[in-house]
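Everything on this sheet refers to the single structure shown next.
The values are calculated or read from the model by the stated rules, or taken from the named source; none is laboratory data. Since this is a predicted model, take the numbers as computed values, not measurements. All Cβ positions, glycine included, derive from the backbone under ideal geometry; neighbour counts span all protein chains shown.
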């Protein structure tokens, strides 16, 4: 799944700087004095995780910390094989997924960068700063920094490196108009950002044909994903709306909650210049992202049990009122040998970068110590559910049937699968030292390991295998991925 | 979804932790004087044992008497799907209010929610899921809702795959790392909720990515909390204490009192 790579990268002549390191790219005006925030972030992430998602975050932070309003854009492949894109200022990104229609990402004059993530097996991204010179398709950027007003990038899962089929098409760039093209109105003016009216929350999200729901497997995650407009409603757009509120608040002299001015309580002198929003803005855009809820529709014909929760209410639950207590989890946390990074995060002695903060461990003394093992990452189910890997898990439709679950040696991770392709007790995920092992528990349909590097293979029953971060394990129609907090 | 048990679901009210809320007509069997109730339906299906454990926690939650906690009516399991019902408050929540909420009212709602949390803590319970979406706005009073039950429904879960992943910002990173929920981790959530309400921003600088749970999780784990420097010093100090070392955090009751004091000082100065 992480065999997504940048397979083509054509500099677009013009004013500006374009940079590439591996599967990370950035373009920047590069006009400001001092080090360029985008290029700095690119170097930093390329040297640590190399993750496109981390690049987008690092660039966003660098841009927000930078007083100059620099226009720029960046893109990179994320740990999960998607393409993360960020634009800021007047820069524009045009993205096409699997030959589909091009989607334009603009910050539309916002003070804040805007980012999106795209999934597909072939994604073309054009990052454009401004006016472009004549295109020369002989140009190529394999790494480093060049003068250019943009980049035409192709990312695909095709290891052979296609002769840039999409790149050729995509490399006929439309220069952005002086007024950067606002994305579709639905994006520029998110309804969700309006103060919410009578309907407190979005009604049922419209069903999307190609969105997997509970019972269905995510299938090949590299398949074309139609991005519904709702998904494109970015948090930063919302934040921009907040900013506007903020600015409005400057005029709201009558705001009753306005803090004391300079003449007020001397203890609150620091409040000068603080302008609260005139009204409270909801924390999350209610309609911004409606994942298809994994609600199971109960069969109306089935009977139900209920327990009154009002004082001295009745109990109509079925018998066995004495529930066995949750099996106590292993009392003592696992102790392992490890080393500390400079920020005191406890690490596998074999890693080059801290698993938690990404800082280099190279200069650290290699003196190991015994400590409590931190979580090794996350088990991410294909429906978006994530589980902390601080204990062993047993996955299946009825994992409580497993003896180790009953004994509290492993947590049950219940996976619904109406078609029964997932076994009742299917897969064991064990933490061994600093490593994660998976073992098929003799399931009928077996388990298939898809490694980030090294292809896929079926697990032999009861034969534990060490997997590295990024590995996805198919169990029946469902799948689960092991991801560390950092790369992979 | 149109029905669960004998509830006729009228419309969706939004997502809660690990499930969805619906407005529903009250079935005749409930000895409650209301036409409509709110019903939370949990994602997926659960075993009878899980339902009974959840019921036990809900009973304990329902037994906490506080004007700042929603009244629960019943809990049930229909064809494996677990739900529970409670009073319906028409004002929406702090995350999606039904109308405009003046800032002082919003701050007071956080304080009301904190009083609900304090009542739970006095009863020896932790809430585990405090966030703006779980502070409901009633007539002149706000109430704490949606007890966190994810640890029972799916032990170990940190991303529920339902609702906006940005709710991670309200969770003490210690919990994300597998530590057990405590009263101190609830107070962390109260502090972040107050910050969000007063500034429109979370405490991780740029907002967490809304569409990438793992990235949000990673970001929450590696980013130091940052209090908006423009906040008045007393508010900033209170929030900083909430997201600081657990030993130095105020109790939920102290938090409520301090919000009260700060609001009073500001409205009179």
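One residue stands out among those in the stretch A:442-464 that are out of contact with any strand residue (DSSP E or B) (no Cβ under 6 Å at 6 or more places or on another chain) and within 19 Å of residue A:413 (Cα to Cα): the one that is surrounded by the most Cβ atoms within 10 Å (Cβ to Cβ), which is A:443.
For the residues A:112, A:129, the requirement of being closer than 21 Å to residue A:147 by Cβ, at pLDDT below 90, over 17 Å from the mean Cα position of the chain (by Cα) and in the same structural domain as residue A:10 (by TED's automatic domain parsing) singles out A:129.
Among the conditions (1) in a strand (DSSP E or B); (2) under 14 Å from the mean Cα position of the chain (by Cα), residue A:124 misses just one, which is (2).
The criterion of at least 2 residues that are more than 11 Å from chain B (Cβ to nearest Cβ) and at pLDDT 85 or above is met by the following strands (runs of 3 or more DSSP E) wholly inside the stretch A:355-401: A:369-372, A:393-396. One residue stands out among those in the stretch B:93-115 that are touching a helix residue (DSSP H, G or I) at 6+ places or on another chain (Cβ under 6 Å) and not in a helix (DSSP H, G or I): the one that is nearest to the other protein chains (Cβ to nearest Cβ), which is B:95.
Confirm whether residue B:169 is surrounded by fewer than 23 Cβ atoms within 10 Å (Cβ to Cβ), modelled with pLDDT of 85 or more, in a helix (DSSP H, G or I) and more than 7 Å from chain A (Cβ to nearest Cβ). Judged against the criteria, residue B:169 is not a match. Taking the numbered list (1) out of contact with any helix residue (DSSP H, G or I) (no Cβ under 6 Å at 6 or more places or on another chain); (2) modelled with pLDDT of 90 or more; (3) within 28 Å of residue B:198 (Cα to Cα) in turn, residue B:139 passes all entries but (2). Under the condition of being more than 30 Å from residue A:338 (Cβ to Cβ) and either in contact with a helix residue (DSSP H, G or I) (Cβ under 8 Å, 6 or more places away or on another chain) or modelled with pLDDT of 95 or more (or both), the residues counted in the stretch A:424-445 number 3. Here B:240, B:210, B:220, B:253 are screened, and the one residue that is at pLDDT below 95 and either more than 9 Å from chain A (Cβ to nearest Cβ) or assigned to a helix (DSSP H, G or I) (or both) is B:220.
Out of A:337, A:297, one residue alone is exposed (fewer than 15 other Cβ atoms within 10 Å of the Cβ), modelled with pLDDT of 80 or more and not in a loop (DSSP other than H, G, I, E, B). It is A:337.
For the stretch A:65-79, the tally of residues that are within 14 Å of residue A:31 (Cβ to Cβ), in contact (Cβ under 8 Å) with a residue 40 or more places away in the chain and either within 14 Å of another protein chain (Cβ to nearest Cβ) or not in a loop (DSSP other than H, G, I, E, B) (or both) stands at 1. Of the numbered conditions (1) within 10 Å of chain A (Cβ to nearest Cβ); (2) in contact with a strand residue (DSSP E or B) (Cβ under 6 Å, 6 or more places away or on another chain); (3) within 26 Å of residue B:237 (Cα to Cα), residue B:144 satisfies every one except a single condition; which is it? With (1) within 10 Å of chain A (Cβ to nearest Cβ); (2) in contact with a strand residue (DSSP E or B) (Cβ under 6 Å, 6 or more places away or on another chain); (3) within 26 Å of residue B:237 (Cα to Cα) applied to residue B:144, the lone miss is (1). Just one residue in the set A:84, A:54 is in a strand (DSSP E or B) and either under 16 Å from the mean Cα position of the chain (by Cα) or in the same structural domain as residue A:381 (by TED's automatic domain parsing) (or both); that residue is A:84.
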